[in-house]
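The values are calculated or read from the model by the stated rules, or taken from the named source; none is laboratory data. Quick caveat: nothing in here was measured; it's all calculated off a predicted structure. Cβ coordinates were reconstructed from backbone atoms using ideal geometry, including for glycine residues, and neighbour counts include every protein chain displayed.
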Amino acid sequence: MRENPKRHPEVAAATEGSQERDSSATVSPQNDGKVRWIRKDLLSLEELSKEEIELILKTAESFKEISTRDVKKVPALRGKTVANLFFEPSTRTRTSFEVAAKRLSADIINFSSAGSSTSKGESLTDTAKNIEAMNVDTIVMRHPSSGSAEYLARSIRAGVINAGDGIHEHPTQGLLDIFTMRERKKKIEGLKVCLVGDILHSRVARSNIWGLTKLGAKVRVCGPPTLIPAKIEELGVEVFYDVDEAVKDQDVLNILRIQLERQKGAFFPSIREYAAEYGISVERMKKAKKDVIIMHPGPINRGVELAAEVADGAQSVILEQVTNGVAVRMAVLFHTTMVER
Amino acid sequence: MKILIKNGYLVDPKNKLDEPMDLLIEDGRVKKVSKKITEKADQEIDAKGKIVCPGLIDIHVHLRQPGYEYKETIETGLRAALKGGITGVCPMANTNPVADSRSDMEFMIGESKRVNLVNLWPVGAVTLRQEGKELTEFGELKKGGAIALSDDGQPITDSNILRRALSYAKKFGLPILAHCQDEALFCGGCMHEGFVSTKLGLPGIPVEAESVEVARDIQLADLTGGQLHFCHISGRKSLDLIRQAKAQGSKVTAETCPHYFHLTDESVLHYNTNAKMNPPLRTVEDVAAVKKALKDGTIDVIATDHAPHAESEKDTEFDQAPFGVIGLETSLPLSLRLVEEKVLTMTQVIEKMSLNPACVLKIDRGHLSEGAVADVTIFDPHKEWVVEKDKLQSKSKNSPFLGWKMKGQVTDVWVAGRHILNNGVIASER
């Protein structure tokens, strides 16, 4: 079994299965030089400091063990209510948050609505205020508009966890990706990570870039020139159009899902050509380092951005990402929900 | 009725006056401008320490009536204009229904007469319902009072329609005010395409969405000999094209708005919907280019593109919020900053806000020559004030300058010799 890392005392109390959560669990260690979590919201990785990111990763390490127990539940968030508010179809992220909340004993309720709030006729703030009026502590939101999470966080008292806002950020995905990389590669500092695919429309890419660069990784992005956003290099990343060049010497390849409908916007001529030019095939893997790991936020278009053999191969950590996602989301739910407000 | 404005500092670009002068108004017209006027008047105003200038003209506003009275009405819009020292406004045609008929022109003018504050010179649509397909009846629109034509808010995508419009409008002497936007490049964007849009994950509008269409429109103006005026120019590339065209003899004119010379796309950070307008706020390089173009005369006119939207419409997700900001009450002090920044002289500011728009519209305003209609604005160039929601006359409060400290405040306004703003108070309130 993995050695238990030094644990955050707050978290140590929270992971004790049998213990009732008492006031000691909320006392923050302010005088031991450690960073203290003060945000009711998690909106982006852009806004987090290196220390805050490390705090969540550390908490997640402690929480990961809970999911391996026979009784997968601790009372850390007992009596707290979390609402999943999803304006876009999502199965894995919503489920992951639901599992995370339940393992911490929070009550979780699901609201889903197709399309934006305006198409529903009710404003986003009104929807959220209605939920808040039921004394919900934390709202986990996915929404098609970039900035919607920040907008919502400004408008309500409840905490807001961004589960993906438009093409802006998907901070818990970024955190779970980093968590997985660190678990596998032991450190992030100096790690060479290449993101491949539709960078322009990817909230996962933006969160990865912010988080990884803050922790000292060397990040590359690679995709068709049409899917590389303007001035992305100003975020401190290197840009490649040729995936065979890009994968060389990399420790991690994080392969992004290609939205099949992008073809219509003339971003690339066909799925077939995309697969030929950018798909990570068995052949292409030979150009990468022997110990490279393959990541993907899912769901995978098999045979398009990622060959089935690679997705299921020895270097793939895709399912570990899913496992770690629960731990990371437990950590995020815990810190944001327990913050004094 | 004789009104004597004494001890003011008079700025009248047309008559090259930029010095202390007294001004005498009689029966709604300028009677005399002279160093010292001793004539007895019915009313005497002491303008010591203030600037006396021709009434400002805003060639580009949206007053939202009919159809969107919850955003603004002709009455609230004209009150906002008056507070800003503006004695004449040109409301655009994107009302509901679109102002594309003679009766629409007559309605707006009738309503402005009822309100009886500043002048309203309506802009008729170029195409029916602003759909870019069939021309409106320019002759009828003109009979109804249209002073110019524009599909502002919508570009005229079909080059041939714009060609015909520019050509046909020559018969009526009507300028066409062009909103330049290549629809395909615009592509559903909601802010300037650059580092900030990449960071915020917002679909970007490249600066070329404007300049590509500016290039086309210059050529159509040359082809037809029609009068073309460029609305709200925001980007450096457009300005290079307009500068070059003017140097080669094109008769085009251009306007910009205060937000394009004071703000950049950084104002959008944190998804500030009050910094969302079309064309979008651009980069520091573009701001510098706009200032340079103001200075070298590439930009003739400062307008506001006053675009009121209700708070509930702006209080939403950024991509859902409508484009547009208000500007009538802040355009003069924001333009006066250009004097402090040594971009323009006081005369040039007044010229771009009064004489030049009058020239584009071909109306005999924007100057204080003897016999001219007495549209006069007086402002205190040193008076400081803060932009506050509650103090704005406009029905909507969507200004990116809320909380900004302004320097320069309008105190008195006459329209055709009627003293409608008296020491900051609107006449009807007295």
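Going by what's in this entry, would A:Asn162 be described as in a helix (DSSP H, G or I), under 19 Å from the mean Cα position of the chain (by Cα), buried (at least 21 other Cβ atoms within 10 Å of the Cβ) and more than 10 Å from chain B (Cβ to nearest Cβ)? If you could, list the steps in order and put the result at the bottom.
Details: in a helix (DSSP H, G or I): no; under 19 Å from the mean Cα position of the chain (by Cα): yes; buried (at least 21 other Cβ atoms within 10 Å of the Cβ): yes; more than 10 Å from chain B (Cβ to nearest Cβ): yes.
Against the criterion (in a helix (DSSP H, G or I), under 19 Å from the mean Cα position of the chain (by Cα), buried (at least 21 other Cβ atoms within 10 Å of the Cβ) and more than 10 Å from chain B (Cβ to nearest Cβ)), A:Asn162 does not qualify.
So which residues in region A:67-100 are in contact with a strand residue (DSSP E or B) (Cβ under 8 Å, 6 or more places away or on another chain) and among the hydroxyl-bearing types (Ser, Thr, Tyr), if there are any at all?
A:Thr81, A:Ser90, A:Thr93
Just give me the residues in region B:413-430 being of a type outside the set (A, V, I, L, M) and at pLDDT below 95, in sequence order.
Restricting attention to region B:413-430, the residues satisfying the condition of being of a type outside the set (A, V, I, L, M) are B:414, B:417-419, B:422-424, B:428-430.
Within region B:413-430, B:Ser428, B:Glu429, B:Arg430 qualify.
Would you be able to say whether some residue in region B:336-344 is within 14 Å of chain A (Cβ to nearest Cβ), at positive phi, at pLDDT 95 or above and not in a helix (DSSP H, G or I)? Walk me through it before giving the result.
Pass one, region B:336-344, residues within 14 Å of chain A (Cβ to nearest Cβ): none.
No, because not a single residue in region B:336-344 is within 14 Å of chain A (Cβ to nearest Cβ), at positive phi, at pLDDT 95 or above and not in a helix (DSSP H, G or I).
Take the residues of region B:111-165 that are among the β-branched types (Val, Ile, Thr) and free of Cβ contacts under 8 Å to residues at least 40 places away in the same chain: which is surrounded by the fewest Cβ atoms within 10 Å (Cβ to Cβ)?
Initially, region B:111-165 is screened for residues among the β-branched types (Val, Ile, Thr), giving B:115, B:118, B:123, B:126-127, B:136, B:147, B:156-157, B:161.
Next, from what is left, pick out any that are free of Cβ contacts under 8 Å to residues at least 40 places away in the same chain: B:127, B:136, B:156-157, B:161.
Values: B:Thr127: 22, B:Thr136: 25, B:Ile156: 28, B:Thr157: 15, B:Ile161: 18.
In this case the residue turns out to be B:Thr157.
Can you tell me which residue among B:Gly225, B:Gly327 is closer than 25 Å to B:Gly88 by Cβ and not aromatic (Phe, Trp, Tyr)?
On the way: B:Gly225 fails: closer than 25 Å to B:Gly88 by Cβ.
Checking each option against the conditions leaves just B:Gly327.
Does region A:123-134 contain at least one residue that is modelled with pLDDT of 95 or more and surrounded by fewer than 24 Cβ atoms within 10 Å (Cβ to Cβ)?
No, region A:123-134 contains no residue that is modelled with pLDDT of 95 or more and surrounded by fewer than 24 Cβ atoms within 10 Å (Cβ to Cβ).
Which fully enclosed strands (runs of 3 or more DSSP E) of region A:216-310 have 1 or more residues being closer than 28 Å to A:Glu54 by Cβ and polar (S, T, N, Q)?
On the way: elements: A:218-222, A:238-240, A:252-255, A:293-295.
Once the strands (runs of 3 or more DSSP E) in region A:216-310 are filtered for at least 1 residues that are closer than 28 Å to A:Glu54 by Cβ and polar (S, T, N, Q), what remains is A:252-255.
I'd like the residue in region A:215-238 that is surrounded by fewer than 18 Cβ atoms within 10 Å (Cβ to Cβ) and within 13 Å of A:Lys192 (Cβ to Cβ) and, out of all such residues, is nearest to the other protein chains (Cβ to nearest Cβ).
Per the stated criteria, the residue is A:Glu238.
So is B:Glu19 surrounded by fewer than 22 Cβ atoms within 10 Å (Cβ to Cβ) and free of Cβ contacts under 8 Å to residues at least 12 places away in the same chain or not? Steps first, answer last, please.
On the way: surrounded by fewer than 22 Cβ atoms within 10 Å (Cβ to Cβ): yes; free of Cβ contacts under 8 Å to residues at least 12 places away in the same chain: yes.
Taking the combined requirement at face value, the residue satisfies it.
Identify the single condition in (1) buried (at least 18 other Cβ atoms within 10 Å of the Cβ); (2) touching a helix residue (DSSP H, G or I) at 6+ places or on another chain (Cβ under 9 Å); (3) within 11 Å of chain B (Cβ to nearest Cβ) that A:Ala153 does not satisfy, given that it satisfies every other one.
(2)
Give me the residue from region B:178-199 that is out of contact with any Ser or Thr (no Cβ under 8 Å at 6 or more places or on another chain) and more than 14 Å from chain A (Cβ to nearest Cβ) and, out of that set, farthest from B:Gln154 (Cα to Cα).
By that ranking, first place goes to B:Asp182.
Quick one: which residue in B:Gly226, B:Gly153 is part of a loop (DSSP other than H, G, I, E, B), farther than 20 Å from B:Thr304 by Cβ and either away from every other protein chain (no Cβ under 14 Å) or of a type in the set (D, E, K, R) (or both)?
Working: B:Gly153 fails: farther than 20 Å from B:Thr304 by Cβ.
The match here is B:Gly226.
Which members of region A:167-196 meet the condition of being under 16 Å from A:Arg220 (Cβ atoms), surrounded by fewer than 24 Cβ atoms within 10 Å (Cβ to Cβ) and among the acidic types (Asp, Glu)?
None - no residue of region A:167-196 is under 16 Å from A:Arg220 (Cβ atoms), surrounded by fewer than 24 Cβ atoms within 10 Å (Cβ to Cβ) and among the acidic types (Asp, Glu), so the list stays empty.
Kindly establish whether B:Ile176 is under 21 Å from B:Ile57 (Cα atoms), touching a residue at least 24 places away in the same chain (Cβ under 8 Å) and of a type in the set (A, V, I, L, M, F, W, C).
Numbers: under 21 Å from B:Ile57 (Cα atoms): yes; touching a residue at least 24 places away in the same chain (Cβ under 8 Å): yes; of a type in the set (A, V, I, L, M, F, W, C): yes.
Here the answer is yes, as B:Ile176 does meet what is asked.
Suppose we keep only residues that are at pLDDT below 95, among the hydrophobic types (A, V, I, L, M, F, W, C) and surrounded by 14 or more Cβ atoms within 10 Å (Cβ to Cβ) within region A:25-73. Which one would you say is nearest to A:Leu104 (Cα to Cα)?
Only one residue fits best here, namely A:Ile66.
What pairs come out if I take residues in region A:201-212 that are more than 9 Å from A:Leu45 (Cα to Cα) and not assigned by TED's automatic domain parsing to the domain that holds A:Gln259 and pair them with residues that are in a helix (DSSP H, G or I) and among the small types (Gly, Ala, Ser) whose C-beta lies under 9 Å away, six or more apart or interchain?
none
Can you tell which of B:Asp46, B:Asp104 is over 20 Å from the mean Cα position of the chain (by Cα) and in the same structural domain as B:Ala310 (by TED's automatic domain parsing)?
Values: B:Asp46 fails: in the same structural domain as B:Ala310 (by TED's automatic domain parsing).
Unique residue meeting the criteria: B:Asp104.
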